[in-house]
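Reading through the structure tokens given below for one structure.
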Amino acid sequence: MKQKKKVKIPLVLRLIRSVFPILEKVFPGLAALWARKLFFQPIRFPVTSREREFAGKTEQFQIEVNGNKVNCYSYGFGKPVIFVHGWSGRATQFWKFAEVFANYGYRIISFDAPGHGQSSGHTTTVVEFAEIVGFLADNYKAKLLVGHSLGGVASLLAINRGTPADHLLMISSPSIADEIISEFLTRINASPKSGNQIRKYVKDLTNQPFENFMSLHLIKEVKNVRIKLIHDETDSQVPIDHSEKLAEEYPGAELVRTSGLGHNRILADDKVVRESLLFASMS
């Protein structure tokens with residue numbers, strides 16, 4: 001049996017996990033401010049050599065979003081498809097999809113959200129993700145959106161806000177608000193008090209509860225969109241019940257299960273790419 005590769009926790013995250021519980025006890029107000037900042041601040045993980053090689057083949061351009069330079073990528077020629085990465089991800093993670101899709105007559109358009117990849121900034125939100133998705137989809141007349149993790153939520157939010165896409169592929173996407181908050185608190189070793197502060201901050205900022213930005217809420221307003229969900233049964237970051245509940249809420253959605261791929265390796269799997277291409281051919 002193949003041994004699972006141990007996930008290396010970045011040094012900065014290990015330091016946060018050590019300090020945060022102490023800060024919560026000694027300076028709870030400061031801890032609440034820090035939790036809010038961390039929740040909207042992605043981690044920039046190293047780019048692989050395969051991703052760098054792919055980036056060199058793309059046409060790159062920039063757009064400005066709320067004062068940040070957002071790096072965008074275009075690859076291939078033909079029918080446009082918008083690919084949307086997840087939290088702490090980047091556009092080049094879709095290199096395998098892009099190369100296969102391009103061979104079948106698709107033009108892949110993607111971007112690094114603010115605070116991610118080659119884009120400027122340190123913080124961002126799913127709303128900013130969705131604004132960029134909407135802009136690119138409108139500009140390229142794309143009717144198919146493909147999102148990984150938070151990218152799937154952002155794509156659904158873009159559709160919910162008027163982007164005229166009619167096909168959406170969501171890969172390993174979260175949908176349950178309580179579990180998203182809980183996973184974040186576990187990651188930084190924080191208590192439920194910090195989660196409550198994040199919810200309060202979102203409500204004060206947007207005048208909407210945190211749940212309103214989750215897929216389970218957004219999908220209630222979506223009509224006439226063909227949706228396909230791909231999720232791995234061993235995903236520890238976003239358990240498969242997120243997609244199962246979304247499929248229950250939107251009965252027309254197709255759920256494809258994989259096993260042994262986890263949350264990120266799913267993007268490099270040949271069968272997942274083929275399933276995605278099959279879905280694209282129906283759009």
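The values are calculated or read from the model by the stated rules, or taken from the named source; none is laboratory data. Treat the numbers as computed from the prediction; the structure is a model and nothing was measured. Reconstructed Cβ throughout: ideal geometry from the backbone, glycine too, with neighbour counts over all protein chains shown.
Just one of the listed residues (Ser110, Ser120) is among the small types (Gly, Ala, Ser) and within 25 Å of Asp270 (Cβ to Cβ), and it is Ser110. Within the bounds of the stretch 98-111, is there any residue that is of a type in the set (A, V, I, L, M), modelled with pLDDT of 95 or more and closer than 21 Å to Phe39 by Cα? No, that holds for no residue. Looking only at the stretch 124-131, decide whether some residue is in contact with a Ser or Thr (Cβ under 7 Å, 6 or more places away or on another chain), crowded, with 24+ Cβ neighbours inside 10 Å and at pLDDT 95 or above. No.
Among the residues of the stretch 72-86, those that are closer than 26 Å to His122 by Cβ, buried (at least 24 other Cβ atoms within 10 Å of the Cβ) and either of a type in the set (A, V, I, L, M, F, W, C) or touching a residue at least 40 places away in the same chain (Cβ under 8 Å) (or both) comprise Ile82, Phe83, Val84, His85, Gly86.
Do we find a residue being surrounded by 18 or more Cβ atoms within 10 Å (Cβ to Cβ), touching a residue at least 60 places away in the same chain (Cβ under 8 Å) and farther than 25 Å from Gly252 by Cα anywhere in the stretch 138-158? No: zero hits. Looking at the stretch 122-181, which of its residues are in a helix (DSSP H, G or I), among the small types (Gly, Ala, Ser), more than 24 Å from Arg44 (Cβ to Cβ) and within 16 Å of the chain's Cα centre (by Cα)? Residues satisfying the conditions are Gly134, Ala177. Quick one: in the stretch 191-236, of everything that is over 14 Å from Ser149 (Cα atoms) and among the hydroxyl-bearing types (Ser, Thr, Tyr), which residue is nearest to the chain's Cα centre (by Cα)? Among them, the one singled out is Thr234. Here Pro239 meets the list (1) of a type outside the set (D, E, K, R); (2) more than 19 Å from the chain's Cα centre (by Cα); (3) not in a helix (DSSP H, G or I) almost entirely, failing just condition (2). Among the residues of the stretch 53-107, those that are among the hydroxyl-bearing types (Ser, Thr, Tyr), part of a strand (DSSP E or B) and over 19 Å from Ala165 (Cα atoms) comprise Tyr73, Tyr75.
Taking the stated definitions as given, is His231 assigned to a loop (DSSP other than H, G, I, E, B), closer than 23 Å to Glu51 by Cα and not aromatic (Phe, Trp, Tyr)? No: the conditions fail for His231.
Suppose the filter is over 16 Å from the mean Cα position of the chain (by Cα) and either of a type outside the set (Lys, Arg) or modelled with pLDDT under 95 (or both); does Phe54 pass it? It is true that Phe54 is over 16 Å from the mean Cα position of the chain (by Cα) and either of a type outside the set (Lys, Arg) or modelled with pLDDT under 95 (or both).
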